[in-house]
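The values are calculated or read from the model by the stated rules, or taken from the named source; none is laboratory data. Note that the structure is a prediction, hence the values are computed from the model and not measured. Quick reminder, even Gly has a Cβ in these numbers, built from the backbone with ideal geometry, and neighbours come from all protein chains shown. Areas reflect the complete protein model, heavy atoms only, side chains present, ligands, DNA and RNA absent. Shrake-Rupley method; radii C 1.70, N 1.55, O 1.52, S 1.80 Å.
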Amino acid sequence: MLIRDARPDDWPAIWPFMRDIAAAGETFSWDRGISEESAWERWFPGLPGRTVVAVEGGSVLGTAVSGPNHEGPAAHVATASFMVDPAHAGRGAGRALGRHVLDQARADGFRAMQFNAVVETNTRAVGLWRSLGMEIVGTLPQAFHHPVHGYVGLLVMYQLL
């Protein structure tokens, strides 16, 4: 599996699973009917943001976007978001993307990584991020309306780099 910078010609492979993940409303805090244009703008923010893909055998397995969580005096803390194509789940793409993003944030001089909104019922993601050194530093009770579980918490996860 190769993690590389995303290119515009990766978008046709990314958008279908991104659209489906957003529409499901179970793990991502985007409008369930997000437009392709809005998704593109969020996922390809330009520098200092970075967008990468996990590819194997010519297929895009997943993608991540990262960059500063805030501006000015808080710009030394990075943030990231991840989406893995459900058709390729369980192949290690999320772990590879997570490691890459954390390593890149260190190399870019960030002092910490903060995930702002990990849905607490997304136990696979929570377990993965914890295994990569992220700690739960807070829970926003009932901050996410899950289509099956109702109102559940959003976790804030953090790691000094």
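Quick notes on this one:
- Residues (of a type outside the set (Val, Ile, Thr) and open to solvent by less than 80 Å² (accessible area, probe 1.4 Å)) located in the range 141-153: 143, 144, 146, 147, 150, 153
- Lone qualifier among 76, 70 - being of a type outside the set (Phe, Trp, Tyr), modelled with pLDDT under 95 and within 16 Å of residue 48 (Cβ to Cβ): 70
- Residue in the range 95-112 that is out of contact with any Lys or Arg (no Cβ under 9 Å at 6 or more places or on another chain), in a strand (DSSP E or B) and not polar (S, T, N, Q) present: yes
- Residues considered: 118, 53, 60. Of these, the only one that is buried (at least 19 other Cβ atoms within 10 Å of the Cβ), over 14 Å from the mean Cα position of the chain (by Cα) and part of a strand (DSSP E or B) is 60.
- Here residue 51 fits the description: in contact with a Phe, Trp or Tyr (Cβ under 6 Å, 6 or more places away or on another chain), under 29 Å from residue 110 (Cα atoms) and of a type outside the set (A, V, I, L, M).
- Among the residues of the range 123-140, the ones that are in contact with a Phe, Trp or Tyr (Cβ under 9 Å, 6 or more places away or on another chain) and of a type outside the set (A, V, I, L, M, F, W, C) come to 2 in all.
- Residues (modelled with pLDDT under 95 and touching a Gly at 6+ places or on another chain (Cβ under 6 Å)) located in the range 46-66: 48, 49
- Meets criteria (outside any strand (DSSP E or B), open to solvent by 30 Å² or more (accessible area, probe 1.4 Å) and either more than 16 Å from residue 13 (Cβ to Cβ) or at pLDDT 95 or above (or both)) for residue 91: no
- Failed condition for residue 139, given (1) β-branched (Val, Ile, Thr); (2) in a helix (DSSP H, G or I); (3) over 17 Å from residue 65 (Cβ atoms): (2)
- Evaluation of residue 108 against (1) out of contact with any Ser or Thr (no Cβ under 6 Å at 6 or more places or on another chain); (2) open to solvent by less than 50 Å² (accessible area, probe 1.4 Å) (one fails), failing number: (2)
- Residue check for residue 133: open to solvent by less than 40 Å² (accessible area, probe 1.4 Å) and out of contact with any Asp or Glu (no Cβ under 8 Å at 6 or more places or on another chain): yes
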